[in-house]
Amino acid sequence: MKIAETDFQAWMGGVQSRMEGVLARLLPAAGIAPARLHEAMRYATLEGGKRVRPLLAFAAGEVSGASPERVEIAAAAVEMIHAYSLVHDDMPCMDDDVLRRGKPTAHVQYDEATALLVGDALQSLAFQLLSEHRLADDPQQQLDMVKTLASAAGSRGMAGGQQIDLQATGKPLTLPELEFMHVHKTGAIIRAAVLLGASCGEISAERKQHLDQYAKAVGLAFQVVDDVLDYDASTATLGKTAGKDSKQGKPTYVSAMGLPQARQFAEELRAQAHAALRGIGAPARRLAEVADFIVLRKF
Ligand code: GRG
């Protein structure tokens, strides 16, 4: 018996397939020189991934009345930064993995030097997109969007979090240290996705603050669930190597607090995310649903 698709599933599927088309259009064509690099950029970005960050951007755009034509560009920029981070993270000098999104990682499919360039070029393209498309009526607001993504990706955001992660291998971290690492490594880009989506429309300072609180809770919840799934789910379900964190001696929420407590913590963060949206009301419905998806997902 076919189970009926919920309204949220239909919305999510719509955003995911829209983003596939948008990314395919915005990435350089595989036939354009240097073809190997362009082909590898497309390989690393297209046909895979849950597109959680674009989902957050589109849901946040509903809070500010943003036009989908603007949000899709901001979402593509964030997704390109995310794709770049995965390519570099998988390289032998970092996590050294061979499977991502159910296919060989970029350095396995191509070679290490090409994978390095894929990450570099995706990052540049993300900022090119944010600067060459009109995304906000107020130019200062658009400049702030560029700054938000730049600082989220940089040494005081994702790259800094990755550095902490590399240094933490084999060492137990306290819960505050673990949180500090993840707020930077994964949380910063998730926060940027929410803020950039909202910034494509009109957003009051008060609502922005609610969104910021929501993003903090959801960003951490995403990581806690990622740790639970790494422990609990199979490689086939995840499309990436399962059980890798414990094998590499990485501190995780499961190793720090135990599996049932980590699951409970994810639930608490989901409640915090919902609470942060209360001040916004009905326009935040999709954001609440995305928080549920992030916490309840099985892959
Ligand atoms: C290399 C500068 C640099 C940073 C890498 C984000 C990151 C930092 C590494 C990714 C490693 C990792 C598995 C982190 C855990 C959380 C995470 C980002 C998982 C992958 O994100 P998903 O689940 O992936 O959204 P999909 O494939 O669905 O897009």
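FYI, it's all coordinate maths here, none of it is from the lab. The structure presented is a predicted model; accordingly, all values stated were derived computationally and were not measured. Please note: Cβ atoms are built from the backbone with ideal geometry, for glycine as well, and neighbour counts cover all protein chains shown.
Is there any pair linking a residue in region 15-43 that is closer than 13 Å to LEU117 by Cα to one that is surrounded by fewer than 13 Cβ atoms within 10 Å (Cβ to Cβ), with Cβ under 6 Å and at least six apart or on different chains, and which?
Here the result reads HIS38/ILE32, each pair linking region 15-43 to a residue that is surrounded by fewer than 13 Cβ atoms within 10 Å (Cβ to Cβ).
To keep it simple, each residue is scored yes or no on (1) of a type outside the set (A, V, I, L, M, F, W, C); (2) buried (at least 24 other Cβ atoms within 10 Å of the Cβ); (3) in contact with a strand residue (DSSP E or B) (Cβ under 6 Å, 6 or more places away or on another chain); (4) in contact (Cβ under 8 Å) with a residue 40 or more places away in the chain.
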residue: LEU46; (1), (2), (3), (4): no, no, no, no
residue: GLY49; (1), (2), (3), (4): yes, no, no, yes
residue: LEU56; (1), (2), (3), (4): no, yes, no, yes
residue: ALA59; (1), (2), (3), (4): no, yes, no, yes
residue: ILE73; (1), (2), (3), (4): no, no, no, yes
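Any idea how many residues of region 45-67 are closer than 16 Å to ILE189 by Cβ and touching a Gly at 6+ places or on another chain (Cβ under 8 Å)?
Adding up the residues that qualify gives 5.
Out of everything in region 243-277 that is of a type in the set (Lys, Arg) and in contact (Cβ under 8 Å) with a residue 40 or more places away in the chain, what residue ends up being nearest to ASP7 (Cα to Cα)?
Looking at residues that are of a type in the set (Lys, Arg) and in contact (Cβ under 8 Å) with a residue 40 or more places away in the chain, I get ARG270.
With the checklist (1) over 18 Å from LEU37 (Cα atoms); (2) surrounded by 23 or more Cβ atoms within 10 Å (Cβ to Cβ); (3) within 16 Å of the ligand (Cβ to nearest atom); (4) not small (Gly, Ala, Ser) in hand, flag the one item HIS107 doesn't pass.
Status for HIS107: all satisfied but (1).
Go through (1) closer than 17 Å to ALA192 by Cβ; (2) among the basic types (Lys, Arg); (3) within 15 Å of the ligand (Cβ to nearest atom) one by one and return the number of the condition ARG101 breaks.
(1)
Out of all the residues in region 136-172, which are under 24 Å from HIS182 (Cβ atoms) and not in a helix (DSSP H, G or I)?
Passing the criteria: GLY154, SER155, ARG156, GLY157, THR169, GLY170, LYS171, PRO172.
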